[in-house]
Amino acid sequence: MENLTWPEAMQFCNQLSLHEGLTPAYRIEGDTVSWDRRADGCRLPTEAEWEYAARAGSSTEFSFGHQIVSSQVNFEGSYSYLIEENYVHHDNPEVRTSAYRGQPIAAGELPANAFGLRHMHGNVSEWVFDYYAPYTDNAQDPTGPAE
């Protein structure tokens, strides 16, 4: 799905949960959303869960290595992520750019990561439940800050 807001994503999770006979994970009151961690319903991943799934056991910036190219990921390929100071290390001497499709592509068109997940880097932006915050390597199921 694309072009839905964060609250709409929560509502979708709750509706899917009800459709599947599960207890909705979210309580939505206006602009306030709370997560019932005991509920068995569908939910968005935490940022840490998403990152774990996206990296697929790798220790590199991307599940495919230190840089990505358009044969692996749908992204603004005319800009090489390898040269972005905030995201990657410069220990790889090969800086490449690649194609820019300019629009989302159908799920499944590009290779899966080591966990079998596709389009975890690029294609469309993703919603997660919480906010990004640094966490330690030994943190177990970390969640982002409350605000």
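Can you give the accessible area of residue 120 in Å² (nearest 10), computed on protein heavy atoms with a 1.4 Å probe?
40
Between residue 12 and residue 124, how many nm apart are label points set 7 Å from Cα along the C-beta direction?
0.6
Just add up the charged neighbours of residue 106: K/R +1, D/E -1, any other residue whose Cβ is under 14 Å from the Cβ of residue 106.
0
Suppose R0 equals 22 Å. What FRET efficiency, 1/(1 + (r/R0)^6) with r the Cβ-Cβ distance, do residue 36 and residue 5 give to the nearest 0.05?
On the way: r = 21 Å, r/R0 = 0.95.
It comes to 0.60.
With Cβ to Cβ distances under 13 Å as the rule, what net charge do the other residues near residue 15 carry (K, R +1; D, E -1)?
Values: positive: 43; negative: 8, 20.
Surrounding charge for residue 15 is -1.
The values are calculated or read from the model by the stated rules, or taken from the named source; none is laboratory data. What you see is a predicted model, and the numbers here were worked out from it, not measured in a lab. Here Cβ is always computed from backbone atoms with ideal geometry, including for glycine, and neighbour counts include all displayed protein chains. Side chains are part of the model used for accessible areas, which takes the heavy atoms of the whole protein and leaves out ligands, DNA and RNA. Shrake-Rupley method; radii C 1.70, N 1.55, O 1.52, S 1.80 Å.
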